[in-house]
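Visitor: My structure is below; once you've seen it, I'll send some questions.
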Amino acid sequence: MFLKRLNLNNFRNYREAELCLDSRKVIIVGDNAQGKSNLLEGIQLLSSLKSYRTSREQDLVYNQQGYAEISAEVEGHHGDYNLRIRLPVKGKRELWVNGQKLSRNLDFLGIVNTVLFSSLDIELVRNAPEYRREWLDNLLLQLEPIYTAILKEYNKVLKQRNSLLKLWKNRGITRSEMLEMKIWEEKLAENACRVMRRRKRAIERLKPLAQLWHNKLSDDREKLEIIYQPNVEFEERDDVEKIKEKIREKLELKREAEIQLGATLVGIHRDDIGFFINGKSVRNYGSSGQQRTLLLSLKLGELQVIEQIVGQTPLLLLDDVMAELDLQRQNNLLHCLGSRFQTFITTTHLDYFCDSIIKEAQIVKVEQGCLLY
Ligand SMILES: Nc1ncnc2c1ncn2[C@@H]1O[C@H](COP(=O)(O)OP(=O)(O)OP(=O)(O)O)[C@@H](O)[C@H]1O
Ligand SMILES: [Mg+2]
C-alpha cells in the first residue's frame, strides 16, 4: 500500500501540516522534540486506532484543547481511500471513510496496515508478558479486524467474573449468583479459546519468517525460537470443545485461589510468548545487540505475515532505529527491504544514510511541528 497524503491538524505539536508523498522511502529528519515520532504516531493510528505511546487519547490533542484530526489518502489493494479520524479531548472519536461517517471502529480497521519499529519496542523483550501480548494482539487485529471485538468481549466477561469473585470472597455468593458465575465461565472459555487459537496460529506463521531473518542478520550464528506460552496449555490438534474443556478444568483447579484473590487467574490475560536464542531465553540472557536483532527479525517477519495474509504490503515505520544500528547493518537492512514497502524513517542526522539511499528517498524536514520538503 502507499500513503499519498497525510494531514495533521491540532495533533500533538502539529497545528496544521500536510505531507504529500511520492516516494517509497521517506526520511524524516529533525532535531530532538520537533515532531518526528509524532508524525509516525499519526500514521500508525490510521492502522490500529491506538497510539503506541499513550493510552490517554487527550495527549494526542494539541495542548489538550478541542480536537485533533488526522486525515489521509491511501492507495490500497482495493483502490484509493480517504480516511479521517477526529479525536476530541472529551467524548467519542469519530471516523470517516471516503466521506462517510462510520458507526463502528471495526469498519476502519484493516484499511491501513503498518509495522512500527521504535526504541520502545525493547520493552517487548525485556519487560512483563503484557507487552508481548499487546504486540501479538496488535498484529492479530491487523490480520483480522474482528479480533478486536473478540478481545473486547473477553475483557468484558473477565470483569464481570472478577466482580463476582470479589463478592464471593467478601460475603459469599447466592445460588443465583453461582448460576451467573457458570454463565460467565462458559463465555470466558469460549472467548479465550477463540483468542488462543488465533494467537497460536499467528506465532506459527510468524516463526519461520522471523527465524530466517534472524539467521540472515546474525550471519547464521544464532538460532531463534519463538514459543507461544498460553496460560492454559493445549495441543495443535485439539478442537474447540477440547480446548474449552481444558480451560474449565483449570478454572476448577484454581477456584480456591481465585476466590482468595478476588480475581481470575486462568485465561489469555496470563499468556506469554517466549523468545530463545540458541536455547537461551532472550529476556534473561540476551545481549542488547541480540535483543535488538530479535526485534528487527520479528518486525520483518510481521511485514511478511501481513503481506501474505492481508494481501497488501504494510507501511513500515522505523522510529529512531537507525541510530542503534551500525552503518553496515543499516544499509543492509534498507537494501534488503528494497522498495516493496513504503518505509518511513526518522533520524536526527542525514549522514547516517549512504548517498544511494538519500538519492532515492523523499526527505522531509521537521521543525517545531512544521514540515518542510
Ligand atoms: N498534545 C501535545 N500538544 C502540544 N505539544 C505536544 C503534545 N504532545 C507532544 N507534544 C510535543 O511534541 C514534542 C515531541 O515530539 P516528538 O516526540 O515527535 O519528537 P521527536 O522529533 O521524535 O524527537 P526525538 O528526536 O527526541 O525523538 C515535544 O516538544 C512535546 O512537548
Ligand atoms: Mg522521536
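Each value in this text was obtained by applying a stated rule to the coordinates, not by laboratory testing. Worth saying up front: this structure is predicted, and the values here are computed from it rather than measured. Because the Cβ atoms are built from the backbone with ideal geometry, glycine has one as well, and the counts that use them run over all protein chains shown.
Visitor: Across the chain, where is the longest run that never hits trypsin sites (Lys or Arg not before Pro) in a DSSP loop with at most 13 other C-beta atoms within 10 Å?
Guide: On the way: sites that count: Arg56, Lys90, Lys92, Arg104, Arg221, Lys223, Arg237, Arg340.
Value returned for the longest uninterrupted segment is 105-220.
Visitor: At 25 °C and 0.890 mPa s, what whole-number value in µm²/s does Stokes-Einstein give for the translational diffusion of segment 104-183, with Rh from the Kirkwood sum over Cα pairs? Write out the running numbers ahead of the final one.
Guide: Numbers: Rh = 15.5 Å.
The diffusion coefficient I find is 158 µm²/s.
Visitor: Could you tell me which residue out of Leu212, Leu179, Leu261 lies farthest along the dipole of segment 122-311 toward its positive end? Charges go on the beta carbon: Lys and Arg +1, Asp and Glu -1, centred on the Cα centre.
Guide: Leu261
Visitor: Could you quote the convex hull projected area for the chain, Cα atoms only and averaged over all directions, in nm²?
Guide: Values: hull surface 81.5 nm².
Result: a mean projected hull area of 20.4 nm².
Visitor: Tally the DSSP beta bridges in the chain and give the antiparallel ones as a percent, rounded to 5.
Guide: Numbers: 41 of 58 bridges.
Given both bridge residues lie in the chain, the antiparallel proportion sits at roughly 70 percent.
Visitor: Taking 2.2 N^0.38 Å as the expected size of a compact globular protein, what ratio does the Cα radius of gyration of segment 122-311 give against it, to two decimals?
Guide: Numbers: Rg = 18.7 Å, N = 190, 2.2 N^0.38 = 16.2 Å.
Rounded to two decimals, the normalised Rg is 1.15.
Visitor: So what is the calculated 222 nm ellipticity per residue for the chain, using -39500 (n - 2.57) for each DSSP H run with n of 4 or more, over all residues, to the nearest 500 deg cm²/dmol? Mind showing how you got there, number by number?
Guide: Details: 10 runs with 168 residues, N = 373.
Here the helix-only value at 222 nm equals -15000 deg cm²/dmol.
Visitor: Find the relative contact order for the chain and round it to a whole percent, using C-alpha pairs within less than 8 Å whose residues are 6+ positions apart.
Guide: On the way: 630 pairs, mean separation 99.8, N = 373.
Once divided by the residue count of the chain, the mean separation gives 27 percent.
Visitor: Would you work out the charge dipole size for the chain about its Cα centre, treating the Cβ of every Lys and Arg as +1 and the Cβ of every Asp and Glu as -1, and quote it to the nearest 20 debye? It would help to have the intermediate numbers written out before the result.
Guide: Working: 58 positive and 53 negative charges, 230 e Å.
The calculated dipole for the chain is roughly 1100 debye.
Visitor: For segment 222-319, state which GluC sites (Glu not before Pro) are in a DSSP loop and have at most 14 other beta carbons lying within 10 Å of their beta carbon. Don't skip to the answer; put the middle values down first.
Guide: Working: sites: Glu222, Glu225, Glu233, Glu235, Glu236, Glu241, Glu245, Glu249, Glu252, Glu256, Glu258, Glu302, Glu307; in loops: Glu222, Glu233, Glu235, Glu236.
Within segment 222-319, the qualifying GluC sites (Glu not before Pro) (loop, at most 14 other Cβ atoms within 10 Å) are Glu233, Glu235, Glu236.
Visitor: Let me ask something else about it. Among Ile226, Leu167, Ile243, which residue has its Cα positioned farthest towards the positive end of the charge dipole of segment 122-311, with +1 placed on the Cβ of Lys and Arg, -1 on the Cβ of Asp and Glu, and the dipole taken about the Cα centre?
Guide: Leu167
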